[in-house]
Amino acid sequence: MNNNNVIDIKDIKVHFDIKRSLAQDIIRKNKIILKAVDGVSFSIGKGEILSLVGESGSGKTTTGKAILQLAPLTAGSVDFLGEEVRQKDKAFMKRFRQNAQMIFQDPYQSINPRNIVLDIVAEPLDVHGLVKTEAEREEKVRIALEQAGMGPVEEYLYRYPHELSGGQRQRVVLASSMILEPTFVVADEPVSMLDASIRTGILRLLLELRDKKELSYLFITHDLSLAWLISDRIAIMYLGKIMEIGKPDLIIHKGAHPYTRALTAIMPQPGVNKRTERVILPGETPSPIEELKGCKFSTRCPIAKDICKEIEPLLEEIERGHFVACHFAKEI
Amino acid sequence: MTLLEVKNLKTYFDTSKGLYKAVDGTSFDLDYGEALGLVGESGCGKTTCALSITRLLPKEGKIHGGEILLEKTDLVKLNDNEIRSRRWKDVSIIFQGSMNALNPVMKVGDQIAEAVILHEKASKKEALKRAEELFELVEMPSKRINNYPHEFSGGMKQRAMIAMALACNPKVIIGDEPTTALDVMVQAQILNLLEKLRKELKMGLILITHDLSILAETCDKIAVMYAGKIVEIGTIEDIFEKTAHPYTQRLISCFPNVGKEKILPPAIEGVPPNLLEPIKGCSFYPRCHMGIPICLEVEPESRGLGGKHFAACHRSGEVSHEQ
Ligand SMILES: Nc1ncnc2c1ncn2[C@@H]1O[C@H](COP(=O)(O)OP(=O)(O)OP(=O)(O)O)[C@@H](O)[C@H]1O
Ligand SMILES: Nc1ncnc2c1ncn2[C@@H]1O[C@H](COP(=O)(O)OP(=O)(O)OP(=O)(O)O)[C@@H](O)[C@H]1O
Ligand code: SF4
Ligand SMILES: [Mg+2]
Ligand SMILES: [Mg+2]
């Protein structure tokens, strides 16, 4: 095992039994299994940023949650600093929960509407009993908010979430996740509601923490240009699987998987462009409930052949550090 | 006739510390079939503008001045009953973060039908039929109206919300970050759809997003907002190639450009002004790289720069255009 890795996940699966969780479906006899994450493996090195990009519903958030033990693992293993996270003693789990944090995707759902900003941001401190005095608590919150670009801080400390704009909520979520100074962060669309300027400010902060404290990130985003800009590697996800993983320039300019290429082809560009026709993949993504034979992308793939409908391609290394799951990866 | 004219709109929030001037003198207009993009710093008042136009402000938010003329009717002057009968039919909105607005224990089709019944006084059967049509319009199989929200992916939920916003054939639709957190494929689908609708139905579109590249590809005009005011407005070419406000220039320069060098562009230093306090001079002055003494004293007026291009800056002619 490589000891420089902060996170190693192997073949993780998260399957939801949706019959059990839904009263409406009791009529249906058979269990309905939704394969949100269906065999994902990767590792994240110390100070590395791995971006996870892919369709909405492809399982990105669930992957992030599974790593942090916030979603039930159906199969596979998660290692944190070389130790398997499951079934660890209390002390290890406490350390893990402090050191591995999630910046939640949706700032409209992930903060308690009845708390003021000060208490929302301080919550992790309170949970872990990390501050002794009220003054120390507030000071930490101030620093976290300031770093998240929420200045002047006094203006926001005593506000309720409904008195904040979308981007302000997002920065509150961010401040609250970073306040414990974690070593590993799952950042789930952390800057999606921020304007370009505040966004670069926050990215700079994340990169600075990486450089100075070797913080590692799983950075979930749908913005390919952002992933290109900040990450060391990009993983492309589709229907619960990794389709391709490699260096950002490779993925953006020389993607080998047809799905990656479809994504990069419609990446919007700033500036005055000829309005090019947006080339959209035909059809809908199959539901993660369906049993699919062969390649998960085969129902929409422009180059699919018979073999694709029969045999599922494995994620294979086509050149050093560049993995692709496609029967025709080498021919593209 | 112009479809929508917003004139000198002022919307303030009543807070424990006084009046917070979230929108303070915003003007723009929108033609039939036209798409206007609204960008600006987080917290500059975009959503507040949208909520003012749809008259959906929370109770502490009030319109303190200005006009919102929809086909010459001033929406500001309508009473609650009048506005209720027009909302969704005349102006409709896709809310920021709306994917979660769907009721988890109700079939999506029923939720749309409910809106139709409320506003069009249709029977349940008619309303469900309308829901099916709307699903087809947003390119989803009509039988999916019988699904619950959890059976939809994020992109599908978002399209369901758009279907709901379209339920009563609005004249103006406001999309407040309608594609945020959707992958580029679904995003492209939704943008294509909105484009098709505004061409076919002559619908006006106001698109709020932080993604300048989306605006460049989707809109006819862009309005750049800062601290409650529109500081520059013009065509895509005006904004990108004849940039006339330093804030716009800095905002554009903050975008990463794939294909160019991989550097994180510098953020705009400083913070926006406190809108509880009166502002003297130009609100961008403390952060502006081009400020001169007059900027500190005199608030710049919005000046025409040819065509439909306007900017509120004392040095609007001198902003450099290289990117
Ligand atoms: N608790 C749950 N119970 C049942 N199904 C779930 C649950 N959580 C997620 N899912 C389903 O798992 C799949 C993956 O969801 P996930 O939220 O991980 O997607 P995502 O890639 O993060 O998408 P987005 O980009 O829209 O956020 C979806 O089909 C979703 O509906
Ligand atoms: N109910 C409220 N009471 C007090 N202030 C409010 C209230 N709602 C919003 N504000 C403030 O008004 C300003 C404008 O908010 P608005 O939601 O319009 O911003 P926005 O431009 O949509 O930002 P974002 O891009 O982050 O969504 C913000 O500074 C916000 O904090
Ligand atoms: S394996 Fe076949 S179907 Fe799958 S992506 Fe490659 S070509 Fe397409
Ligand atoms: Mg997600
Ligand atoms: Mg907003």
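The values are calculated or read from the model by the stated rules, or taken from the named source; none is laboratory data. Just so it is clear, the structure is predicted and the values come from calculations on it, not from any experiment. We place every Cβ from the backbone using ideal geometry, glycine too, and count neighbours over all the protein chains shown. What goes into the accessible areas is simple: the full protein's heavy atoms, side chains included, and nothing from ligands, DNA or RNA. Shrake-Rupley method; radii C 1.70, N 1.55, O 1.52, S 1.80 Å.
Just a few scattered comments:
- Residue within the range A:219-230 that is more than 7 Å from chain B (Cβ to nearest Cβ) and touching a Phe, Trp or Tyr at 6+ places or on another chain (Cβ under 6 Å) present: no
- Complete set of residues in the range A:282-299 that are more than 16 Å from ligand 1 (Cβ to nearest atom) and open to solvent by less than 40 Å² (accessible area, probe 1.4 Å): A:Gly294, A:Cys295, A:Ser298
- Residues of the range A:245-266 satisfying the condition of being hydroxyl-bearing (Ser, Thr, Tyr) and farther than 17 Å from A:His327 by Cα: A:Thr264
- Taken across the range B:275-282, residues that are touching a Lys or Arg at 6+ places or on another chain (Cβ under 6 Å) and at the interface with chain A (Cβ under 9 Å from one of its Cβ atoms) do occur, with at least one present.
- In summary, A:Arg233 fulfils each of the numbered conditions (1) open to solvent by 10 Å² or more (accessible area, probe 1.4 Å); (2) within 17 Å of A:Arg199 (Cα to Cα); (3) more than 7 Å from every other protein chain (Cβ to nearest Cβ) with the single exception of condition (2).
- For the range B:178-186, the count of residues that are among the hydrophobic types (A, V, I, L, M, F, W, C) and either within 16 Å of ligand 2 (Cβ to nearest atom) or under 19 Å from the mean Cα position of the chain (by Cα) (or both) is nonzero.
- Of the residues making up the range A:300-331, those that are open to solvent by less than 80 Å² (accessible area, probe 1.4 Å) and part of a loop (DSSP other than H, G, I, E, B) are A:Arg300, A:Cys301, A:Ile303, A:Ala304, A:Glu312, A:Pro313, A:Leu315, A:Gly321, A:Ala325, A:Cys326, A:His327, A:Phe328.
- Being over 24 Å from A:Ala122 (Cα atoms), without any contact (Cβ under 8 Å) to a residue 12 or more places away in the chain, surrounded by 24 or more Cβ atoms within 10 Å (Cβ to Cβ) and within 13 Å of chain B (Cβ to nearest Cβ) is a condition met by at least one residue of the range A:175-196.
- Residues of the range A:180-200 that are in a loop (DSSP other than H, G, I, E, B) and away from ligand 1 (no atom under 16 Å from the Cβ): A:Leu180, A:Glu181, A:Pro182, A:Thr183, A:Leu194, A:Asp195.
- Residues in the range B:234-249 that are touching a Lys or Arg at 6+ places or on another chain (Cβ under 8 Å) and either open to solvent by 20 Å² or more (accessible area, probe 1.4 Å) or at the interface with chain A (Cβ under 7 Å from one of its Cβ atoms) (or both): B:Thr235, B:Ile236.
- Residue within the range B:87-104 that is more than 16 Å from ligand 4 (Cβ to nearest atom) and in a helix (DSSP H, G or I) present: yes
- Flag for B:Val186 being open to solvent by less than 10 Å² (accessible area, probe 1.4 Å) and among the hydrophobic types (A, V, I, L, M, F, W, C): no
- The helices (runs of 4 or more DSSP H) located wholly in the range A:40-143 that include 1 or more residues which are more than 16 Å from ligand 1 (Cβ to nearest atom), touching a residue at least 24 places away in the same chain (Cβ under 8 Å) and open to solvent by less than 60 Å² (accessible area, probe 1.4 Å) occupy A:90-99, A:117-127.
Let's see how each residue does on (1) without any contact (Cβ under 8 Å) to a residue 60 or more places away in the chain; (2) out of contact with any helix residue (DSSP H, G or I) (no Cβ under 8 Å at 6 or more places or on another chain):
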| position | (1), (2) |
| --- | --- |
| B:Asp176 | no, no |
| B:Asp183 | yes, no |
| B:Ala188 | yes, yes |
| B:Leu191 | yes, no |
| B:Lys196 | yes, yes |
| B:Glu200 | yes, yes |
| B:Leu205 | no, no |
| B:His210 | no, no |
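- Selection over the range B:84-116 of residues that are surrounded by fewer than 17 Cβ atoms within 10 Å (Cβ to Cβ) and among the hydrophobic types (A, V, I, L, M, F, W, C) gives a count of 3.
- B:Cys49 more than 16 Å from ligand 3 (Cβ to nearest atom) and in a helix (DSSP H, G or I): yes
- Pick from the range B:45-65, criterion open to solvent by less than 30 Å² (accessible area, probe 1.4 Å), of a type outside the set (S, T, N, Q) and away from chain A (no Cβ under 14 Å), ranking: nearest to ligand 2 (Cβ to nearest atom): B:Ile53
Residues checked against (1) part of a strand (DSSP E or B); (2) modelled with pLDDT of 95 or more; (3) surrounded by 13 or more Cβ atoms within 10 Å (Cβ to Cβ):
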site: B:Val271; (1), (2), (3): no, no, yes
site: B:Glu277; (1), (2), (3): no, no, no
site: B:Cys282; (1), (2), (3): no, yes, yes
site: B:Cys295; (1), (2), (3): no, yes, yes
site: B:Glu299; (1), (2), (3): no, yes, yes
site: B:Gly306; (1), (2), (3): no, no, no
site: B:Cys313; (1), (2), (3): no, yes, yes
site: B:Gly317; (1), (2), (3): no, no, no
site: B:Glu322; (1), (2), (3): no, no, no
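- Options B:Arg130, B:Arg159: the member that is among the basic types (Lys, Arg), away from chain A (no Cβ under 14 Å), more than 16 Å from ligand 3 (Cβ to nearest atom) and in a helix (DSSP H, G or I): B:Arg130
- Boolean, A:Val121 is in the same structural domain as A:Asp17 (by TED's automatic domain parsing), β-branched (Val, Ile, Thr) and over 30 Å from A:Lys296 (Cα atoms): yes
- Considering only residues in the range B:138-150 that are open to solvent by 50 Å² or more (accessible area, probe 1.4 Å) and assigned to a helix (DSSP H, G or I), the one that is nearest to A:Ile289 (Cα to Cα) turns out to be B:His150.
- Which numbered condition A:Ser77 misses (of (1) within 24 Å of the chain's Cα centre (by Cα); (2) within 14 Å of another protein chain (Cβ to nearest Cβ)): (2)
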